[in-house]
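Beneath this line is the structure, given in structure tokens, with notes to follow.
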Amino acid sequence: MSSDGYLLEVKNLRKWFEVRRGFFSKPLWLKAVDGVSFALRPGEAVSLVGESGSGKTTLGKTVLLLHEPTDGQIIFKGEDVTHLKDKKKMMWYRRETALVQQDPFGAMPSFMTIYRILEEPLIVHKVGDKKEREEMIYRALEEVRLTPVEDFAPKYPHMLSGGQLQRVAIARALILGPSLVVADEPVSMLDASVRVEILNLMREMQQRRNITFIYITHDLSTTRYFSEWIYIMYAGHIVERGPTQRVIRNPLHPYTKALLAAIPDPDPENRKRFREVPPGEPPGLINPPPGCRFAPRCSRVMERCRKEEPPEIEVEHNHFVKCWLYV
Amino acid sequence: MSEVGMEYSLKGILRELLSYKSGIASIVILALLIGLSVYTVVTIPPQKAIAMWRGENNMWIENPRNAAPEWMAFFVHKNLPKTFKVASWEKSFGIVKAEAPLPGTSIKKIHIEMSFNYPYDDFPSEVNIFFRAKFNASKNTPLVKIYWIKPDGTRIPVTEMTMRDPNQILYVSVDQQIYNNLVMWLQKEKGITPYKTVTTQQILFGKITPAMAQGKVDVEKGAYKLVVDATTYNKGDDVDLKLVVYGTVYGIAGTDHLRRPLIIALLWGTPVAIAFGLTASLAISIIQLFIATISGWYAGIIDSIIQRITEIYMIIPFLPFLIMMAAFYKLDIWTILAVVIVLSIFGAGIKSTRALVMQIKEYPYVEAAKAYGASDARIITFYIIPKILPPLVPGLIGSVPGFVFLEAALSLLGLGDPYLPTWGKIINDAYNNGALYKGYYYWILEPSFMLIVTALAFAMLGFALDKIVNPRLREM
Amino acid sequence: MSFKGFVRYTARRGIVLFLVVVVAIYITIIVANMGGKIDEFVKGDLYLQIAQQVKRDPQYKNLPGSEQEKIIKAKYEQEIKRLGLDKPFFQRSLIYLKDAITLNLGRALYMTSDSGSKLVRNIILERLPATVLLFTTAMVINFFIHLFLGLYLSRNYGSLFDKIVIALAPTSTIPGWFYGIFLILIFASWLHVLPYGGLVDVPPPTDPVAYALSVLKHMILPLASWIISGFFLGIYGTRTFFLIFSTEDYVEAARAKGLPGRLIERRYILRPSLPPIITNFALGLIGSWSGAIITETVFNWPGLGLVTWTAIQNFDTPVIVGVTVIYAYLLAVTVFLLDIVYGLVDPRIKLQ
Amino acid sequence: MAMLEVENLRLYYATRKGVVKAVDRVSFTLEKGETLAIVGESGCGKSSMAKAIARLLPRNVHTYDGVIRLDGKNIMEMSDEEYRREVRWRQISMVFQGAQNALNPVLKVGFQIAEPLMIHEGVPKEEALARARKALRMVGVHESFADRYPFELSGGMRQRAVIAMALITNPKLVILDEPTSALDVITQANIMNLLKKIKREYQLSFIFITHDIALSSELADRVAVMYAGQIVEFTDADEFYTNPKHPYSEKLMASVPTLRSEKKLEFIPGAPPSLLTPPPGCRFHPRCDKAMPKCREEEPPEVEVKERHYVKCWLYA
């Protein structure tokens, strides 16, 4: 553990992808994550919120080293893991971290039984013998309430519903006892009626095991049921971060405000009024606008916003915003 | 509607398969063919089959040439002649052998009478007499006179000869001397000069009428007799003989121009075809699968190299190249198989499988495996191959006929295995010996039938499997 | 898309394809020379030829045997040098490669063209038209039969004809040449209405119309064999293709828009899928020009396939290499052109 | 007379496993200028309902019957060709789920928008294209995009283009099948604003199919809740979002997370039943905490609990 008590520190992280934009042209760089910093303590849950293409998924996967970072630093338990070359170290990091994905059907190899799916991480990390593994698998299934476990273990993924499969995915992520879990839109493909159930389950496990959790979502309305922190991403940057309640009640960044305004609650009055939302769409990440990336759509844009990238400012305790309005 | 994953258990697939009529048919046919293959290999071991097909020791000399299968009689509604043999050493009804030593000398008179019935509607294809005599060729050799007795008792002197060889063969139907004797007899005794198309067999087995002069002869059915009077000069000498009247039909498959029963090649063709087709298809699919997986998984430079090799393969023409290798190096069938495999492993199949791998590579479950630390090798073998294998199976099965016909095509060009009998070689023989011009249709139709049945069985199985692993096709 | 980018792409693709062609031809040269063994045959033949010449030559006829032998040796060495056969095979193979790539196809070892030329180019050019005529016709007829009947079936999904086509699709695993044997059996051998094979009657009619009709008559059976072979699977394939594509969202949208069926087929199914169809057709066509050895043998059709086969039987390496070179260039140029054309035409590829 | 009357509509599919009753005896009415939101979990037959109304049937249809009256005329009686000429796009048009796939990749956007005009109204190409440009402008896309191919447009623009396409022939009814499910929240809000504007200006009727209850309130005047191929509740929006009656509707509403108010979220245990073998009686009874013995045996009738508020539940019978 690092001296500051952080489990994970991300410093100025960048992930650029090479893209071939035309059939006949030179490759270019897509700056999916472009200079992101934050730090998390053990047992903290953070919601990483953004639209598709904002870089939130890339950030999550880069933190897990599923993408090779282009620049910056990732420090985990005081250890710089940014460019892990050592195989043993890498296996340690893989064991310490885990991923829960969006599509529960796609996340499971359709030709393996649930039992085998849960056994795979154990085999890969050479955990226990056959008997011990069986115990662990049954315990994991029980923990995510797929009972009776003997019924579920021999089934194939297509015999389970989306919600049940997502429980399997959670069990698989937690079976090696990780201290950091990234959940990438874990409920967005599920029906509203089961979303809550899965979120509750994840929250419960996270708190019980004191896991640091990065919950990636585009749906602001679910964040407050899950996390104590919210990070808002826009076009490869974290534009605002702070305690969940405070960000929702008192959004600072114009983008966060727009995002909140765009989300409806079920209300028959909705149909009678128009929403105040910014026009246009997020910029392309190959040639993002200079200065603040939200500037072209911002209703409070200033001259400076178009030229200089705003700094990150701590407006209130622990509540940061990347906007010239608060300088 | 949710995307329902398929469960590829063997039992499940079999159950699905049996719900299609074509699936049942193909499985039944394939089971029969495999049974036939096993039976053939067990009852006729390869060395024996090769020996039989070479016709070692003149083993087929008593078979008719180019005889149609016996069941042809059913189609022409005629009692077509089958081959029959009568031997003087056999003790049976109708065969009489009497010996009369000339007292005071070592000379012996031998009288042989062999009676037989000829009930057929057509003339025999050939008549030969095989002697089995005992004498010393350096001394006086036996003198033999042969007579032919027709059902009405007419006695025709066939020939008179001094034997040269104890195992001499008298090719009655092609012997010019005998033919001349018969014509002379006809002219002298009956005053008929047969038209030049009238054959020895027709004179021997036909009704002797003036119509012979116009070349028209009908079969005379009834009891015939071959009478042989032999004189031997030394002690211990003996003369025995066997008359073989060759039919125009033989067995269930007929014979070829070398008197070989086609059934041998028809039977042996089955295991060869199935082994060749399945091995080629299986080996190519599996090797391509691995190449494509490596290409798609590692991408970058390995992928580029594999792609370029695929293009080289595309440009090298497969069939001419294969034919060239087979002709230049006189390859046997298993080497040809190896060449076929080598010439196909970078074939077009790689492209589609590679595309599939690239797609699967991005699947969340592969990413999940990476996230818990599975190695590349593990992901390829346990995560990607099991996913792409099932969709490849129908193609694998469906491509078997192509290789079966490839072998047949090479054989047709005379490039097949030099020893093993195969279906393609029968067709090749038939083609080279003008079966199409001469009307020996059975010679071509029989191996073709086997080829077609085999091909269709595999093809139908492939189609049925395609519907099972490709649910999109199911409702279509 | 920039023009510069286009040129760069074109050049790179062209160079890669050219290298591929070079490698393919080199492999062919090595194999067709049996790694140099063919040259040994050639040397042997050459020696015999020179020996006979010398022995028949009145100039040397009366010399003693050992003298003759010396002269033969000398002439032989000279000839070997002239032909470059004294160099190691590796070096020679590179010379062959250079010649092949520059389309300097040289002279055949044994074969001659019908007009008596020993030039490989003449031998190939003489036979190419027959092959192209027969198989291009076959491919074009097949293409349209499959397209139109397939379309018809996708409209009449589930009809009796549809069921028949599905049931008989496996018959297409039987190759054309095999059907050819049956067609010969029925129409030539049994019914005597069509010729067994060949290109024209013997002797060829002098009147051009009669000549054309005679060729046409000889084409019927080989054409029919390829049409029958491809028939059911081809139709089945097109039909299934249309059925699968008609479940695409944009086809559904076109249906909802109330577009007439035929327009949907043309604009929404056929047009988006035209590139792969054309690619397959083009590559199949060129493939048919080289890969038809068996069909040409069965029908004794005097085309390129038969030439290749004769060359192989005679170990006539220059002819084999020549055919391969022509084929490789044809294919590479086609692939290249298709790549470029799609790059220019298909909006999805053009700018992604 | 209502503009759209649907009575006993059925759409069953034949599959190898049996008959899927995707839409099972559904009835509702819709007035001119009104929007009906059809909500429910996935697998409840919402999309099939859209297909049944627009007669976009897959090949494996088993049963397709009932009455659909559009301005009093039963369009179910029309032949396919008549339906194509008279109804398709002229009276009923659609905005498809996943607009990126609803456009032909090799045709220019403008042409695709203009196509219905040329087909149904015989408008010459140039004029049709001009009107397509105007339609694009109306939905907030620069008209220069008419000459682009679909892949050159962003997701939001494509969705707008698809909406322009749906409006070009001034239909009476537009079916919106999850029109924004692939889009970001801000883009979604923009599209919703656009749809509201269109609805006001043109007095159009929408059928808005969505699984997102909160989103449905953006447009809905009436709400129909679907469960296992049937409509279990059908009422006015004001009533539905404040006071849902059917136990399924209540649960569904309770599971929606809200941003602006605190509430305890609930969830519905289990999953919707298979449409191959729906449970007997009330189809929701296995998941319902208010189920009575009767619910397991008899199918509940449709009860009008209030004016224009229908609930298919034994609690109210």
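The values are calculated or read from the model by the stated rules, or taken from the named source; none is laboratory data. Fair warning: this is a prediction, and the values are worked out from it, not measured in the lab. Cβ coordinates were reconstructed from backbone atoms using ideal geometry, including for glycine residues, and neighbour counts include every protein chain displayed. Each accessible area value is taken on the protein alone, full model and side chains, heavy atoms only, with ligands, DNA and RNA left out. Shrake-Rupley method; radii C 1.70, N 1.55, O 1.52, S 1.80 Å.
Structure summary
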{"read-out": "Cα-based radius of gyration of segment B:196-256 once divided by 2.2 N^0.38 Å, which approximates compact folds", "value": "1.63"}
{"read-out": "Stokes-Einstein D (µm²/s) once Rh is taken as the Kirkwood radius of chain D over alpha-carbon pairs, at 4 °C in 1.567 mPa s", "value": "63 µm²/s"}
{"read-out": "Hydrodynamic radius of segment A:223-327 per Kirkwood, over alpha carbon pairs, in Å", "value": "14.7 Å"}
{"read-out": "Label-point separation, A:Thr147 to C:Val16 (7 Å along Cα→Cβ), nm", "value": "5.8 nm"}
{"read-out": "Separation between Cα centres of segment D:94-154 and segment B:333-354, rounded to whole Å", "value": "48 Å"}
{"read-out": "Relative contact order for chain A, counting Cα pairs under 8 Å that sit 6 or more residues apart, in percent", "value": "20 percent"}
{"read-out": "Where only C-alpha atoms are counted, convex hull volume of segment B:329-476 per residue in Å³", "value": "147 Å³"}
{"read-out": "Considering only the protein assembly as shown, percent of DSSP beta bridges that pair antiparallel, nearest 5", "value": "75 percent"}
{"read-out": "Charge context of B:Ala230, other residues only, Cβ under 11 angstrom, K/R +1, D/E -1", "value": "-2"}
{"read-out": "Those Cys residues of chain D for which no other cysteine Cβ falls under 4.7 Å", "value": "D:Cys44, D:Cys288, D:Cys313"}
{"read-out": "For the protein assembly as shown, the fraction of alpha-carbon pairs in successive 10 Å shells from zero, as %", "value": "1, 6, 11, 15, 16, 14, 11, 8, 6, 4, 4, 2, 1, 0, 0"}
{"read-out": "FRET efficiency, 1/(1 + (r/R0)^6) with R0 25 Å, evaluated for D:Thr15 and D:Asp289 via beta carbons", "value": "0.15"}
{"read-out": "Over segment B:78-246: Kirkwood hydrodynamic radius from C-alpha pairwise inverse distances, Å", "value": "16.7 Å"}
{"read-out": "Full-stretch length increase - A:Lys88, A:Glu269 - with 0.36 nm per residue and alpha-carbon distance subtracted", "value": "59.3 nm"}
{"read-out": "Largest-first ordering by accessible area, 1.4 Å probe, given options B:Ile341, A:Ile170", "value": "B:Ile341, A:Ile170"}
{"read-out": "Cut-off 15 Å between beta-carbons: net charge of the residues surrounding B:Leu415, Lys and Arg +1, Asp and Glu -1", "value": "-2"}
{"read-out": "Distance (nanometres) between label positions extended 7 Å along Cα→Cβ at B:Ser106 and B:Tyr147", "value": "2.9 nm"}
{"read-out": "Antiparallel bridges, percent of DSSP beta bridges restricted to chain A (to nearest 5)", "value": "60 percent"}
{"read-out": "Histogram of C-alpha separations across segment C:173-279, 5 Å bin width, %", "value": "2, 11, 14, 13, 10, 9, 9, 10, 9, 7, 4, 2, 0"}
{"read-out": "Rg and Dmax [Cα atoms of chain B; Å; Rg one decimal, Dmax integer]", "value": "32.6, 112"}
{"read-out": "Shape category assigned to segment C:91-133 from the gyration tensor of Cα positions, a/c cut at 1.5", "value": "oblate"}
{"read-out": "Using θ = phi - 60° and Karplus 6.51 cos²θ - 1.76 cosθ + 1.60, couplings along segment B:232-249 (whole Hz; Gly, Pro as x)", "value": "10, 10, 10, 5, x, 5, 8, 10, 9, 8, 10, 9, 10, 9, 7, x, 9, 10"}
{"read-out": "Share of alpha-carbon pairs per 5 Å distance bin for segment A:30-78, given as whole %", "value": "4, 17, 31, 27, 15, 4, 1"}
{"read-out": "Gain in span if fully extended, B:Trp334 to B:Asp165, counting 0.36 nm per residue against the direct Cα distance", "value": "56.4 nm"}
{"read-out": "Cubic angstrom per residue, convex hull over Cα atoms of segment C:33-102", "value": "91 Å³"}
{"read-out": "10 °C / 1.306 mPa s Stokes-Einstein diffusion coefficient of segment B:405-474, Kirkwood radius on C-alpha pairs, µm²/s", "value": "116 µm²/s"}
{"read-out": "Counting all C-alpha pairs of segment D:144-268, share separated by more than 18 Å (%)", "value": "60 percent"}
{"read-out": "Whole-number percent relative contact order across segment C:136-293, with pairs defined as alpha carbons under 8 Å at least 6 apart", "value": "33 percent"}
{"read-out": "In nm, spacing of pseudo-spin labels at B:Lys221 and A:Arg306 (7 Å Cα→C-beta vector)", "value": "11.4 nm"}
{"read-out": "Modelled FRET efficiency - R0 35 Å, C:Gln313 with C:Leu213, Cβ distances, 0.05 increments", "value": "0.60"}
{"read-out": "Efficiency of FRET between B:Asp303 and B:Asn470 - r from beta-carbon atoms, R0 35 angstrom, step 0.05", "value": "0.85"}
{"read-out": "Alpha-carbon gyration tensor eigenvalues x 5, square-rooted, for segment A:125-251, Å", "value": "31, 17, 12"}
{"read-out": "Alpha-carbon centroid distance for the pair segment D:246-317 / segment A:167-204, whole angstrom", "value": "26 Å"}
{"read-out": "Low-density loop positions, trypsin sites (Lys or Arg not before Pro), segment B:177-270 - DSSP coil, at most 13 other Cβ in 10 Å", "value": "B:Lys196, B:Lys235"}
{"read-out": "MRE, 222 nm, helices only [DSSP H, n ≥ 4, -39500 (n - 2.57), over the protein assembly as shown, to nearest 500]", "value": "-14500 deg cm²/dmol"}
{"read-out": "B:Val41 accessible area, assembled protein chains, probe 1.4 Å, Å²", "value": "60 Å²"}
{"read-out": "Dmax and Rg, reported as Rg then Dmax, of segment A:8-326 (C-alpha, Å)", "value": "20.8, 67"}
{"read-out": "Kyte-Doolittle mean at least 0.0 and Cα axial length at least 27 Å: DSSP H helices in chain C", "value": "C:3-32, C:120-155, C:208-245, C:317-345"}
{"read-out": "Alpha-carbon Rg with Dmax, taken over chain C, Å", "value": "26.9, 99"}
{"read-out": "Normalised convex hull volume, segment B:276-360, alpha-carbon set, Å³ per residue", "value": "83 Å³"}
{"read-out": "Helix A:87-96 axis, angle to chain A major axis (alpha carbon atoms, nearest 10°)", "value": "90 degrees"}
{"read-out": "Of all DSSP beta bridges in chain D, antiparallel share, percent nearest 5", "value": "60 percent"}
{"read-out": "With all protein chains modelled, accessible area of A:Met189 [1.4 Å, Å²]", "value": "110 Å²"}
{"read-out": "Area accessible to solvent at D:Lys245, 1.4 Å probe radius, in Å²", "value": "40 Å²"}
{"read-out": "Angle between chain B longest axis and helix B:349-361 axis [Cα atoms, degrees, rounded to 10]", "value": "30 degrees"}
{"read-out": "Separation between Cα centres of segment C:249-294 and segment C:151-227, rounded to whole Å", "value": "25 Å"}
